[in-house]
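Structure, as structure tokens:
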2 protein chains.
Amino acid sequence: MTDTSVSVPPIPDTTLVPIPTGSVGYVSAAFIEFNEPLVLSSGQILPSYTLAVETYGSLNAERSNAVLVCHALNASHHVAGIDASQPDSIGWWDNMVGPGKAVDTDRFFVIGVNNIGSCFGSTGPVTINPETGQPWGASFPLLTVEDWVHAQARLADCFEIAKFAAVMGGSLGGMQALSWAITCPERVGDCIVIASTARLSAQNIAFNEVARRAIITDPDFRGGDYYQYGVVPTHGLTVARMVGHITYQSDEVMAEKFGRTQRSPAPGGNFHYNYDVEFEVESYLRYQGEKFSRYFDANTYLLLTRALDYFDPARDHGGDLARALRDVQARFLLVSFTTDWRFAPEHSRELVRALLKNKCDVSYAEIDAPHGHDAFLLGDRRYHAIVQGYYDQIAMRLGLPARERTTGVLA
Amino acid sequence: MTDTSVSVPPIPDTTLVPIPTGSVGYVSAAFIEFNEPLVLSSGQILPSYTLAVETYGSLNAERSNAVLVCHALNASHHVAGIDASQPDSIGWWDNMVGPGKAVDTDRFFVIGVNNIGSCFGSTGPVTINPETGQPWGASFPLLTVEDWVHAQARLADCFEIAKFAAVMGGSLGGMQALSWAITCPERVGDCIVIASTARLSAQNIAFNEVARRAIITDPDFRGGDYYQYGVVPTHGLTVARMVGHITYQSDEVMAEKFGRTQRSPAPGGNFHYNYDVEFEVESYLRYQGEKFSRYFDANTYLLLTRALDYFDPARDHGGDLARALRDVQARFLLVSFTTDWRFAPEHSRELVRALLKNKCDVSYAEIDAPHGHDAFLLGDRRYHAIVQGYYDQIAMRLGLPARERTTGVLA
């Protein structure tokens, strides 16, 4: 513990926004410094790193009720509640995590952590490399999902958590949860993997590559060192996000939300016959892309998509996923969504089969929801009911107090 | 005919490449000038235009055996045979069109025509605007599928073809065939619509918009007038093609062709931990994208994708496709492919239902082929057998001579 220091900024006076029922309320990130070098999968060494962390609920005396929530590509440690420094910023999984919600912070101590390499407070391309006094930029080492798990294991040490009640995540976060169960089998009680995969398909990699080429070939990318030129590869990031966004949604939901509706037709309902926005779906995508390019870091986007590509626990076992899972001890809950074509149910089924081959305790739900990959972030009642029921079982097994209330989408 | 002039370059001495069985042999484009103004859907007027055309087989005395083949996004009038000026250039539908092939040039007179707005010889953004003496560039008017049909109707006049035996095409070409049947009902005997749609979905438009933003936001696009700066928006075009290419292939076929195979692994089979090519699929996509950016015009890409977006014959009929098809007289063959997720079978089924509502004569085949949208260009035997059988019926009805031979994929 001597190599770790923790700083928690004070929560400012934020009484302006009322706290809704089921919310963990105002939250503030802690920044935890780890001064022991981290040897990465690439062989490179990160001499030290900071993790941005939020916690919700209380760690019990037995330290048995901790849940680690891993985030997906564009999210952060801000999982639930209202960010005290930005009162309009609700946590990305606030519908799932809170007092009385599926992941019930009345009973569980939930930790959200920003991945290293990301851009929301943990060490990454945008932070200062102490050796140069400049942002890491293009010199920040590439990371793998396993590297994140190793970095997060030290976070568990820091909290003196020997074993998590559960590690959970969706999409990239689900890959991290799975990697936790493989990398630190004795430290994961339950592993909850939602809308995720044990390895990306060629098509998945292809979409990531399109996004990366859009960013890297934007002249404002400047080889990854755009910070020092005071520019940002806005256009590349926008295109990257637009293509990503399409893959997060189902064809069905886009048809329902936008169809072929024109944005603001010319007189007589005509087209404008130009390349400005004609259709609502174009307006939406441009808005999403441009918004993203204002808050997300381009080097981070590259790094996270590459970590997605690289993830493949079966790779060191001749492609045999069941062998890669031989030593896991966790029980598993897997959830997939029928209209998710990014990580289609078959990805989850493959993982279920490999776990069953190892006689693991696996629950699997395939939810017939229209929202595509994004469904894992949304409040489908059946989906939340399954997660809630699963956590209730975890609580029972651990002898945690009974649920006091039900809030959130199941209230 | 007074306003039309035809020039056919002589076929050079090209005896170096042997002509395979079933090939139409060496071919050379004719360039036909139309000097009568064309009023476009946008209200703009194209004062004159040239169409690049290839023909195969012979027009019979009754002029009853003509088939018009419409091309998709990146193709041209060079449908079949070996381009005499580029002996390595085989027509894009050479497996379908030729003596003894499914579309049998022993019996049918086949016309391939380059759409106006394209970049392979017909008037478009790359050709000279006679009023300025400069390439049209960004000032070239936007076009619709209906505009192409009107331009091609004059081509039919030029050949004195009152009625085509068939108009056929795949993808965007299928939309043109459908539009022919709606716009000039008395001039289309049979309409063959393959891997196509009566209107793009929101997801389809979204992918087109991503491609357009990649091109337009490339600084080398220069507002569409890159020609005068001696540059090309290579990066934008490359990204546009990469994303397009993903949508042309099925997840399954990409998995089979590329999987997660590494391109040239680091020692020990390791990753390189950088953003160069790691996986075969990345190499393939970059190659396809870069190749495309060297031969295809960026303004053409914008124009063609916009024409795709705009196509929606039901739009003038309150969204009722059956009403839009009320006056068609053609018989129809529709073909879709199960793994085509760009224009999935449901697009064709919707069209079939609307045609049946009008008591049209419709044949429909849904081919269980693995190749996604690209399948319409490939030589699936069941697919070619269906097209061949359908053309044999057309020939019989028209009293054309019996098939002399069978070549191509069905030989």
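Between A:S89 and B:R353, how high is the FRET efficiency from 1/(1 + (r/R0)^6) when r is the Cβ-Cβ distance and R₀ = 45 Å? Nearest 0.05.
0.40
Over segment A:330-387, what relative contact order in percent results from Cα pairs under 8 Å that are six or more residues apart?
Relative contact order, segment A:330-387: 45 percent.
Give the average, rounded to an integer, of partner chain Cβ atoms located within 10 angstrom of each Cβ in B:275-283.
Values: counts 13, 0, 1, 5, 8, 2, 9, 9, 1.
The shielding value for this peptide is 5.
Build a GNM of chain A with springs between Cα atoms under 10 Å: which of A:S336, A:S48, A:S28 gets the top mean-square fluctuation?
Looking only at A:S336, A:S48, A:S28, the biggest GNM fluctuation is shown by A:S48.
State, as an integer percentage, the relative contact order of chain B based on alpha-carbon contacts under 8 Å between residues 6 or more apart.
For chain B, the relative contact order is 17 percent.
Which pairs break 32 Å Cα to Cα here: A:K257/B:K357; B:K163/B:K357; B:K101/B:K291; B:K163/B:K291; A:K163/A:K357?
B:K163/B:K291
Put the label 7 Å from Cα along Cα→Cβ for B:D88; what are its distances to the other copies, in nanometres, shortest first?
Listed shortest first, these distances are 5.6 nm.
Sorted from shortest, what are the nm distances separating the label point of A:S5 from equivalent points in the other copies, each placed 7 Å from Cα along Cα to C-beta?
Copy-to-copy label distances at A:S5, shortest first: 8.4 nm.
So what J values fall out for segment B:257-267 if you push phi through Karplus, 6.51 cos²θ - 1.76 cosθ + 1.60 with θ = phi - 60°, rounded to Hz, Gly and Pro as x?
Going residue by residue, I get 6, 10, x, 10, 4, 7, 6, 9, x, 5, x Hz, with x marking Gly and Pro.
For A:N274 and B:A153, what does the FRET efficiency come to when R0 = 30 Å and r is the distance between their Cβ atoms, rounded to the nearest 0.05?
0.70
Kirkwood Rh, Cα Rg: Rg to Rh for segment A:43-128?
On the way: Rg = 14.1 Å, Rh = 13.8 Å.
Over the Cα atoms of segment A:43-128, Rg/Rh equals 1.02.
Nearest 5 is fine: what % of DSSP beta bridges in chain B come out antiparallel, could you say?
Beta bridges within chain B, antiparallel portion: roughly 40 percent.
What average number of partner chain Cβ atoms lie no more than 10 Å from the Cβ of the residues making up B:197-204?
Neighbouring Cβ atoms belonging to other protein chains average 6 per residue here.
Among A:E350, B:E404, rank each residue by its count of other Cβ atoms within 10 Å, from fewest to most, as a rough exposure measure.
So the ranking, lowest neighbour count to highest, is B:E404, A:E350.
Roughly how many nanometres apart are two label points built 7 Å out from the Cα toward the Cβ at A:R263 and A:S363?
Result for the modelled spin labels: 4.5 nm.
How much length is gained on full extension from B:S139 to B:E346, taking 0.36 nm per residue of separation minus their Cα-Cα distance?
Values: separation 207, 0.36 × 207 = 74.52 nm, distance 3.70 nm.
Fully extending the segment from B:S139 to B:E346 adds 70.8 nm.
Test of understanding: ordering B:F337, B:F343 by Cβ neighbours within 10 Å, fewest first, what list do you get? Write down the numbers at each step before the final one.
On the way: B:F337 29, B:F343 26.
Ordered from fewest to most neighbouring Cβ atoms within 10 Å, B:F337, B:F343 come out as B:F343, B:F337.
Sorted by average packing, counted as other Cβ atoms within 10 angstrom per residue and highest first, what order do B:196-203, A:254-261 take? Write down the numbers at each step before the final one.
Details: B:196-203: 24.4, A:254-261: 17.0.
Order by mean packing, descending: B:196-203, A:254-261.
If the only charges are +1 at each Lys and Arg Cβ and -1 at each Asp and Glu Cβ, what is the size of the charge dipole of the protein assembly as shown around the Cα centre, to the nearest 20 debye? Provide the component values of the computation, followed by the final result.
Details: 64 positive and 92 negative charges, 262 e Å.
My answer is approximately 1260 debye.
For the protein assembly as shown, just the Cα atoms, rotate onto the principal axes and tell me the three extents in Å, largest first.
The Cα atoms of the protein assembly as shown stretch 96, 58, 52 Å along their principal axes.
Enter the mean number of other protein chain beta carbons within 10 Å of the beta carbon of each residue in A:229-242, as an integer.
Per residue, the average neighbour count from other chains is 3.
Of the beta bridges DSSP finds with both residues in the protein assembly as shown, what % are antiparallel, to the nearest 5?
Around 40 percent of the beta bridges assigned by DSSP in the protein assembly as shown are antiparallel ones.
Placing one identical point scatterer on every Cα of segment A:303-411 and ignoring solvent, what is log10 I(q)/I(0) from the Debye formula at q = 0.17, 0.23 Å⁻¹?
-1.00, -1.27
Give the long-range amide H neighbours of B:T339: residues separated by 5 or more places, or on another chain, with amide H under 5 Å away, using H modelled in the peptide plane at 1.01 Å from N.
B:A369, B:G372
How far apart, in nm, are two points set 7 Å out from the Cα along the Cα-to-Cβ line at A:D316 and at A:T21?
Simple spin-label model gives 4.9 nm for this pair.
Can you tell me the Rg and the Dmax, both Å, for the Cα atoms in segment B:33-189?
Cα only, segment B:33-189: 15.4, 47 Å (Rg, Dmax).
From the phi of every residue in segment A:394-411, what ³J(HN,Hα) in whole Hz does the Karplus formula 6.51 cos²θ - 1.76 cosθ + 1.60 yield, where θ is phi - 60° and glycine or proline is x?
4, 4, 5, 4, 7, x, 6, x, 5, 4, 8, 7, 10, 10, x, 5, 9, 5
When the helix-only estimate is applied to chain A (DSSP H runs of n ≥ 4, each -39,500 (n - 2.57), divided by the residue count), what is the mean residue ellipticity at 222 nm, nearest 500 deg cm²/dmol?
-9500 deg cm²/dmol
Could you list B:S58, A:S363 in order of exposure, starting from the residue whose Cβ has the fewest other Cβ atoms within 10 Å?
In order of increasing Cβ crowding within 10 Å: B:S58, A:S363.
Rule-based calculations on the coordinates, nothing more; no lab input. Fair warning: this is a prediction, and the values are worked out from it, not measured in the lab. Using ideal geometry, Cβ is built from the backbone for each residue, glycine included, and neighbour counts are taken over all protein chains shown.
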